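The values are calculated or read from the model by the stated rules, or taken from the named source; none is laboratory data. It should be emphasised that the depicted structure is a prediction, and the values quoted were computed from it without experimental measurement. We place every Cβ from the backbone using ideal geometry, glycine too, and count neighbours over all the protein chains shown.
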Amino acid sequence: MTAEIRNTPVFTRRRLLAGAGGLAAMAGATSLVGCSNGSSSATDNASVNSAVKLPTYVPYTGLKPDLPGTAQGVDNAFRNFPKDNPQSVKEKPGDGSTITGMAIIYYAVPPGPDKNSYWKGLNDRMNVDLQLQMVGNADYATKFPTVIAGNNLPDLTMMQVVANFPSLLDKQFQPLDEFLSGDAIKDYPNLANLPTASWKSTIYNGHIYGIPIPRGLVGGYNFLRADLFEEKGLPTSPKGYDELLRVCKELTDPKQRRWAFSLNTQPANLLAMINDEPNGWRENGGKLTNRYESQEYKQSVNDMITMWKAGVMHPNSFDPAQPFKNLFNAGTAAINAMDGYPGWAQYRSDNSSNPKFKLGLMEVYNRDGSKLAPWHLGSGVFGTGPFTAMKKTSDKNRVKMILRVLNYLAAPFGTEEYLYRLYGAEGVDHKTNSTGDPVLTKTGQANTVIPIRYLADAPYTLYQPGFPKDADVQHDYQATEVPTGIMNPTVGLFSNSAATVNATADKNFNDGVNDIVQGRKPFSDLDGLISTWKSAAGDAMRKEYQDQLQKNGGPK
Amino acid sequence: MTTLEQAAAEGTRTRTSKRPVWMERPNPILQVIKFIALLISAVLVILPFWSVLATSFADRQTLNNAAGGMVMWPGRTLSLDAYKAVLSGGVVTRALVISIGITFVGTILSLAATAGLAYWLSRSRSFAAKPILLLVLGAVLFSPGLIPSYLLVKQLNLLDNWWSLILPVLVNAFNVIVMRAFFQELPAELFESAAIDGASSLTILTRIVLPLSKAVLAVIGLFYAVAYWNAFFNALIYIQTADKWPMALVLRTYVVNQTSIGGEDIGSSAGLPPQLSMEMAILVIAILPIMIVYPFIQKHFAKGVMIGAVKG
């Protein structure tokens with residue numbers, strides 16, 4: 001009996017993706033997938049894009065960080081929450097009207113504004129009626145296309161890069177350059193405080209289409225269980241490949257259920273830096289080389305075979321659903337390489353009841369261990385939703401009002417607005433502990449998770465409540481690694497093939513490589529996999545990116 | 001030939017007693033084996049439930065020691081933190097009430113609509129019964145697709161309205177066909193005698209057909225109820241205000257999102273009970289109402305399933 005299943009229309013992921021593909025067509029796109037010039041919209045090319053003037057960067061100076069960041073991309077760090085919380089927005093930004101928005105939520109759904117004093121308070125402070133559609137992050141890719149196809153856009157939408165993205169923006173979203181380009185952004189000082197690099201991801205069709213959600217340029221950290229390293233007296237930053245392999249072997253003890261790594265991508269990401277693979281792509285005189293095609297990648301696959309044979313990876317390492325964070329907390333895996341850097345706070349809180357737990361970070365040296373390896377930097381924006389776009393409107397005053405609200409939400413770390421946005425009202429949503437750090441109450445935990453942080457956010461700031469030294473550890477690490485960093489030259493460029501066919505091609509390629517690593521296929525199969533990937537997606541992506549790069553005279 | 005050999009030649013057909021096989025005295029060894037087999041299957045069914053329950057009461061250190069997996073024993077102290085966290089803020093309790101409401105109203109409306117349609121299609125002389133039946137069968141084969149459905153609901157002004165969770169799935173074609181088959185099996189003489197006594201079609205349906213169809217109504221009602229209870233997808237697409245979410249969608253955000261917290265982004269999860277025990281706590285809360293209702297419909301269930309099996 002399958003009657004109960006049939007009561008709901010069954011939508012598969014694949015069908016949804018197909019729906020997303022058809023979207024731009026419904027939105028009146030000028031051209032569809034398979035356009036000969038690669039870029040899906042005639043207007044989204046680099047010469048137009050490079051013509052747009054990025055917003056002027058005016059760093060916030062109201063508060064002095066304990067450890068200042070750098071222009072290269074090291075984040076500001078605070079040991080404790082600042083005692084003095086200056087106001088960064090003098091007047092209420094809103095006009096009393098309703099602003100609707102849609103963004104993802106990672107947490108339990110908070111109570112609505114009528115039952116949520118924090119939300120009500122935020123509305124009062126901004127003088128708006130903020131109405132939010134909250135969508136679980138796993139379901140956003142489903143909801144986003146329906147809302148767009150149904151032409152039912154909220155004022156603010158957390159964007160996801162889909163097929164024919166430039167035409168979608170062109171048809172339905174508001175270009176913001178007149179309000180934000182160059183010095184115009186100075187009307188919104190907290191938005192002017194967002195790093196220049198993060199704005200690159202908002203530019204399409206020669207226009208600024210949104211407010212970036214900035215994230216640390218470092219991208220990821222190589223977390224390690226320092227307590228397990230100390231137990232065996234091992235160096236936490238092994239110099240070179242040979243030492244790394246030795247350390248991994250020493251850490252591994254299957255009888256005690258302990259391995260160096262719990263997921264195959266962890267050693268793969270480390271090796272990518274050790275062997276100096278391209279960070280996604282490598283640009284040389286306008287020509288792009290993907291990491292898969294590089295000689296260095298072959299070396300890494302070879303090293304992966306060695307690591308797998310040496311048994312330093314958890315037996316289920318190739319299962320993408322492996323609960324790697326839990327295994328790290330349990331001490332089953334000692335190294336969690338290139339996990340998102342906000343994991344620091346997560347691991348701290350997960351292990352608050354384990355006195356033995358000691359968190360450390362691994363610096364990466366080149367293959368022979370003579371110097372630090374080039375670090376692979378992140379994109380500088382939140383990967384799941386790089387920017388927030390505004391519904392098209394002819395009412396300029398409304399655009400300005402909404403930008404003022406976003407300016408409020410982007411208030412930098414330590415300001416009065418930031419304190420309220422993250423921790424709510426003192427005594428209700430948070431309490432201040434003896435060291436001056438705000439600690440959320442039970443009410444605060446339930447109330448403050450409304451997803452405004454994906455509509456606008458402050459630049460990322462290092463701060464670990466209750467652990468002042470953590471700021472130093474993280475800041476030192478960033479200061480060591482970020483200067484060696486290389487960017488992916490395609491960040492901020494749009495490739496329709498990357499948004500459509502690459503997901504499948506990339507998966508097939510990686511499945512094949514995993515077979516090679518595990519010895520189910522010979523190493524000689526790698527060349528075949530590479531050429532299959534190139535013809536399925538890689539060459540088209542290269543052409544689309546290169547066209548934009550060449551018109552631009554180099555990476556943006 | 002000895003009697004023994006004779007007996008062997010006649011094979012197993014010879015029995016000492018004249019009782020049929022199912023009335024034989026039970027063999028104690030077989031009984032024990034059956035008991036053990038049934039016990040093992042019962043334990044296999046109960047274990048996952050037990051583990052859900054145990055994990056929902058487990059504290060952080062117990063979960064960390066289990067490498068983040070499910071536990072079979074909640075640790076030395078029972079921790080109610082997960083339940084407190086889940087129930088604080090009133091979101092879950094509200095969603096629970098909404099789900100019960102939608103399931104109740106939806107099931108009644110669905111049953112009424114399904115029974116009405118099935119009755120119409122079951123009478124051979126009804127107006128346009130054949131073409132409508134074809135239409136219904138067509139609905140089994142072809143679903144309308146996501147975006148057209150969304151546009152329709154939007155044009156009916158049902159977005160962010162609980163009716164959008166009921167009306168689009170009000171009638172399930174498969175259930176109509178099962179019920180129609182049941183109605184067709186009712187003796188034609190009943191209808192004729194009722195008609196001679198002057199009963200209208202509606203009277204025949206309510207006074208004669210429905211009372212004779214309690215089994216099929218119970219089963220199909222259960223199908224509808226479970227479907228309404230579990231449906232999250234329509235709510236995800238059509239309901240915009242999180243305050244109006246049914247339980248299934250709340251449950252989904254808890255369960256599906258947990259893996260990416262932290263790795264993808266920062267937040268205020270510090271101080272909350274472990275995510276896994278919160279998920280399990282909310283699972284327990286979500287299972288409860290169905291577990292309470294199920295025993296009352298169960299007796300019809302066994303009878304009802306056969307209907308579809310033989311006549312559907």
(message) List pairs: first residue in the stretch A:232-259 and outside any loop (DSSP other than H, G, I, E, B) and modelled with pLDDT under 95, second residue surrounded by fewer than 18 Cβ atoms within 10 Å (Cβ to Cβ) and of a type in the set (S, T, N, Q) anywhere in the structure, Cβ distance under 8 angstrom, at least six positions apart or on different chains.
(response) A:Gly240/A:Ser370
(request) Filter the stretch A:436-452 for residues that are within 8 Å of chain B (Cβ to nearest Cβ) and either assigned to a strand (DSSP E or B) or not charged (D, E, K, R) (or both) and give the result. (result) A:Val439, A:Leu440, A:Thr443, A:Gly444, A:Gln445, A:Ala446, A:Asn447, A:Thr448, A:Val449
(message) List pairs: first residue in the stretch A:90-104 and assigned by TED's automatic domain parsing to the domain that holds A:Asn152, second residue part of a strand (DSSP E or B) and of a type in the set (Ser, Thr, Tyr) anywhere in the structure, Cβ distance under 6 angstrom, at least six positions apart or on different chains.
(response) A:Met102/A:Thr157
(message) Suppose the filter is within 14 Å of another protein chain (Cβ to nearest Cβ), in contact (Cβ under 8 Å) with a residue 12 or more places away in the chain and either of a type in the set (A, V, I, L, M) or on the phi > 0 side of the Ramachandran plot (or both); does A:Gly466 pass it?
(response) yes
(message) Looking only at the stretch B:65-89, how many residues end up being farther than 30 Å from A:Pro111 by Cα and either of a type in the set (Asp, Glu) or assigned to a helix (DSSP H, G or I) (or both)?
(response) 1
(message) Testing A:Gln160 on (1) under 29 Å from A:Trp375 (Cα atoms); (2) more than 14 Å from chain B (Cβ to nearest Cβ), one condition comes back false. Which one is that?
(response) (2)
(request) Could you look through the stretch A:176-215, keep only residues that are of a type in the set (Gly, Ala, Ser) and under 20 Å from the mean Cα position of the chain (by Cα), and pick out the one that is nearest to A:Pro386 (Cα to Cα)? (result) A:Ser201
(request) Determine whether A:Asp177 is surrounded by fewer than 21 Cβ atoms within 10 Å (Cβ to Cβ), more than 11 Å from chain B (Cβ to nearest Cβ), among the acidic types (Asp, Glu) and closer than 20 Å to A:Tyr204 by Cβ. (result) yes
(message) Which numbered condition in (1) within 14 Å of chain B (Cβ to nearest Cβ); (2) crowded, with 22+ Cβ neighbours inside 10 Å; (3) hydroxyl-bearing (Ser, Thr, Tyr) is the only one that A:Ser117 fails?
(response) (2)
(request) Please state which one of A:Asp183, A:Asp170 is surrounded by fewer than 21 Cβ atoms within 10 Å (Cβ to Cβ), touching a residue at least 40 places away in the same chain (Cβ under 8 Å) and not in a loop (DSSP other than H, G, I, E, B). (result) A:Asp183
(message) Given (1) surrounded by 20 or more Cβ atoms within 10 Å (Cβ to Cβ); (2) without any contact (Cβ under 8 Å) to a residue 60 or more places away in the chain; (3) more than 12 Å from chain A (Cβ to nearest Cβ), identify the lone condition not met by B:Thr62.
(response) (3)
(message) Tell me whether the stretch A:406-425 contains one or more residues that are surrounded by fewer than 17 Cβ atoms within 10 Å (Cβ to Cβ) and within 12 Å of chain B (Cβ to nearest Cβ).
(response) no
(request) For residues that are closer than 24 Å to A:Pro214 by Cα and away from every other protein chain (no Cβ under 11 Å), scanning just the stretch A:129-143, find the one that is modelled with the highest pLDDT. (result) A:Leu130
(message) Condition first: under 20 Å from B:Thr114 (Cα atoms), at the interface with chain A (Cβ under 9 Å from one of its Cβ atoms) and out of contact with any helix residue (DSSP H, G or I) (no Cβ under 7 Å at 6 or more places or on another chain). Now tell me which residues in the stretch B:127-168 satisfy that.
(response) B:Ser143, B:Pro144
(request) Go through the residues of the stretch A:453-474 one by one and say whether even a single one is over 30 Å from A:Gly69 (Cα atoms) and not in a loop (DSSP other than H, G, I, E, B). (result) no
